[in-house]
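One structure is given here, and the rest of the page talks about it.
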Amino acid sequence: MRLVAKTFKNLEPVCAYELRQLGADDVRVLKRAVSFSGGMDILYSANYCLRTASRVLVMLAEFDARDYDALYKQVKSIEWEHYLTANNTFSVSSTTYSEIFTNSQFVRYRVKDGIADYFRNKFGRRPNVDPENADIPIQVHIANTHCTILLDSSGQSLHKRGWREGQTAAPLNEALAAGLVLISGWKGNTPLLDPFCGSGTILIEAAMIAMGIHPGAYRKSFAFQKWGNYDHELFRLVSSNRQMRKLDVDITGSDISPRALKISQQNINAAGLSRQIRLRQANAATLPAMPSPLTIITNPPYGIRLQGDDLNTLYHDFGKVIKFNMRGAEAWILSGDKNALKQIGLKPKSKTELLNGDIECLFQGYDIKP
């Protein structure tokens, strides 16, 4: 099968690396996506194991169509019983960049008609459409006359791991948090600190990476489990063939907000990591000295959370703390305020532009002099 993993801007190389580690073939980096090939085992593994993907799509068909009737006929020729039954519900979403297919709603209607008529002609009954909570979500992409029909094998976005019990005002996306840890290169070899831990997302994703806990372990279901060709035994083998590693270093989170720490502890407990992650209330701008080696990965406030002089002062004071109290450490900071990042007062060794929601951010790494 030809497959596509959707991911974040500039996390494509990280997602591609993950896929190669899983044994995927013909891995190619695209824009906010990575294409690859594999059998059902790779499809199941990609959904269960990928940390930086939001969903995994199956390319069912690619063809040229010069009008809506041709689109309908091509869709009707797909052997849909491999993926859904008349008892399933399905939905169709469309993305079109075409002078011919200018009406995306009519594109969806013709694709729905093609699927419904296929089942009606072959089985005498058809599946129902559920635009809000479908068993089988289907996507249609059209560029000029080139049409691609994709099947969403994930269902709910893969960043929704299943461990989140609560969240602060601006929670970090779980897949993005995992991407930060993977970009930093941290694998549990040094103690880890997040001094602006918020709801604990970076801490939890880091612990999962270090211990080999796959993100799918917390999920209740995936869309592919409702397909007509779902192989329960194969998925059991894919999801059970994982060995958890022991964590030999401290993972510590701190925050000035008691409410944030309470939410963070709830999430940590839900993830089953209360023995691996420690929390404490502290002001990041006045943290005491900590021995090295140490890795700091954090997402300080910016934007709606803090602005202006208060923001610049916070970053300046935090920069002084890591320069004088965290000597020999490695620091990785994600922020949507480039001017505030300058207040850290350190020359970054690396920069990665990332999107946190709709906010353009910089993720910068620093080596703190001993």
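The values are calculated or read from the model by the stated rules, or taken from the named source; none is laboratory data. Keep in mind that what you see is a predicted model, and the values were worked out from it rather than measured. Note that each Cβ is placed from the backbone with ideal geometry, even for glycine, and that neighbours are counted across all protein chains shown. With ligands, DNA and RNA removed, areas are computed over all heavy atoms of the protein, side chains included. Shrake-Rupley method; radii C 1.70, N 1.55, O 1.52, S 1.80 Å.
The value for the stretch 189-229 of Rg(Cα) / (2.2 N^0.38 Å) is 1.67. In the chain, the longest principal axis of the Cα atoms and the axis of helix 12-22 are about 70 degrees apart. Against the main long axis of the alpha-carbon atoms of the chain, helix 201-211 sits at an angle near 80°. Per the Debye formula on identical point scatterers at the alpha carbon atoms of the chain, with no solvent, log10 I(q)/I(0) at q = 0.09 Å⁻¹ is -0.58.
Surface composition of the stretch 85-125: carbon and sulfur make up 44 percent of the accessible area, probe 1.4 Å. Averaged over its residues, the stretch 115-205 has an accessible area of 36 Å² per residue, based on protein heavy atoms and a 1.4 Å probe.
At an R0 of 35 angstrom, the distance between the Cβ atoms of R66 and E233 translates into a FRET efficiency of 0.20. A cut-off under 12 angstrom between Cβ atoms defines the neighbours of W227, and their net charge, with Lys, Arg +1 and Asp, Glu -1, is -3. Quick check on my link table: of K9/K246; K246/K347; K6/K112; K31/K338; K160/K351; K76/K220, which ones sit more than 30 Å apart, alpha carbon to alpha carbon? Correct reply: K9/K246; K246/K347; K76/K220. Computed on the chain, with alpha-carbon pairs under 8 angstrom and 6+ residues apart, the relative contact order is 15 percent. Protein heavy-atom accessible surface, 1.4 Å probe, per residue over the stretch 10-53: 40 Å².
Across the accessible surface of the stretch 176-226, with the other protein chains kept in place and a 1.4 Å probe, carbon and sulfur atoms take up 52 percent. Over the residues of the chain, the helix contribution to mean residue ellipticity at 222 nm works out to -9500 deg cm²/dmol, using -39500 (n - 2.57) for each DSSP H run of at least 4. Per residue, the stretch 218-370 exposes an accessible area of 55 Å² to a 1.4 Å probe, with every protein chain left in place. Secondary structure note: in the stretch 257-370, about 75% of the DSSP beta bridges are antiparallel. Shown for the stretch 1-84: the carbon plus sulfur share of the solvent-accessible area, taken with all protein chains present and a 1.4 angstrom probe, equals 45%.
Relative to the longest principal axis of the Cα atoms of the chain, the long axis of helix 40-49 lies at roughly 30 degrees. Any chance you could check the Cα centroid distance between the stretch 92-135 and the stretch 269-295 for me, in angstrom? Their Cα centres are 50 Å away from one another.
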